[in-house]
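Engineer: Here it is, the structure in full.
The values are calculated or read from the model by the stated rules, or taken from the named source; none is laboratory data. Please read these numbers as outputs of a predicted model, since none were measured by experiment. With ideal geometry, Cβ positions are generated from the backbone for all residues, glycine too; neighbour counts draw on all protein chains shown. Protein only, heavy atoms only, side chains kept; ligands, DNA and RNA dropped before computing areas. Shrake-Rupley method; radii C 1.70, N 1.55, O 1.52, S 1.80 Å.
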Amino acid sequence: MRKDEISSGKLSTGKRRSLLPGLCSIIGSVILIAIILAFFPLTVPRLMGYEIYEVVSGSMEPQIPVGSVIYVKAAEPEEIEEEDVIAFQRGDSVITHRVVENRFVEGTFITKGDANEGEDMTPIPYDSLIGRVTWHIPVLGSVMSLMAGAMGKFYAAILAACGVMFHMLAGSMRAAREK
């Protein structure tokens, strides 16, 4: 009877020891996958030819709220139609407004922010066009700016190192158990 108790005690301890490396591997994998998924909306669309911007003003609310990320695809000015939302360069700023009129002869757009009462005072020349806004994701812009900054990249690197260390710890535990 005593042998059974001892062997069952060793068996449960052995089970715990075999679960811990697996748990470490799972935690490490979850951390690494989370980092990849967090940076996915910032990298993959760029590979597909999109420019990515954060919305910092409320001129397009409620359609595109402040803190959204917008994905802009290059387009020829002649392809832009009324009601399209475009991104354009004005000085050092990138602005996103809706096209009210595309003046082909003059080579300009008349635009308006959805939340603004009137049209923009200055027509937008064709050469200021960055592209058409194809889609947006609310809130992601705020998160994106944190992740794209130096501290966000630093934290991502630290988390990635933790994920790798969990995998290394699991490997060490498995190697120690086999000895």
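Engineer: Using a 1.4 angstrom probe, figure out how much accessible area the chain has per residue, in square angstrom, rounded to the nearest whole. Present the calculation step by step, with values, prior to reporting the outcome.
Structural biologist: Details: 11460 Å² over 179 residues.
I get 64 Å² per residue for this part.
Engineer: If you average 1/r across every pair of different Cα atoms in the stretch 72-145 and take the reciprocal, what Kirkwood value do you get, in Å? Kindly include the intermediate steps, with their values, before the conclusion.
Structural biologist: On the way: mean 1/r = 0.0785 Å⁻¹.
One over the average 1/r among Cα pairs gives 12.7 Å for the stretch 72-145.
Engineer: Rg to Rh for the chain: what is it, with Cα atoms only and Rh by Kirkwood?
Structural biologist: On the way: Rg = 26.7 Å, Rh = 20.2 Å.
With Rg and the Kirkwood Rh in hand, the quotient comes to 1.33.
Engineer: Here's another thing I want to ask about it. Could you work out what % of the accessible surface of the stretch 56-179 is carbon and sulfur, using a 1.4 angstrom probe and leaving DNA, RNA and ligands out of the count?
Structural biologist: Working: 4410 of 7350 Å².
Summing carbon and sulfur atoms, their accessible area is 60 percent of the total for the stretch 56-179.
Engineer: Based only on Cα atoms, what mean projected area does the convex hull of the stretch 14-91 have, in nm²? Mind showing how you got there, number by number?
Structural biologist: Numbers: hull surface 34.7 nm².
The directionally averaged projection comes out at 8.7 nm².
Engineer: Continuing with this model, one more query. For the pair Glu61 and Glu76, how long in nm is the line joining their label points, each one 7 Å along Cα→Cβ?
Structural biologist: Using points 7 Å along Cα→Cβ, the separation is 3.8 nm.
Engineer: Using only Cα atoms and rounding to the nearest 10 degrees, what angle (0 to 90) does helix 150-178 make with the longest principal axis of the chain?
Structural biologist: Taking the Cα atoms of the chain, the angle to 150-178 is about 20 degrees.
Engineer: How many nm separate the modelled label positions at Ala156 and Leu47, each set 7 Å beyond the Cα in the direction of the Cβ?
Structural biologist: Between Ala156 and Leu47, the label points sit 1.3 nm apart.
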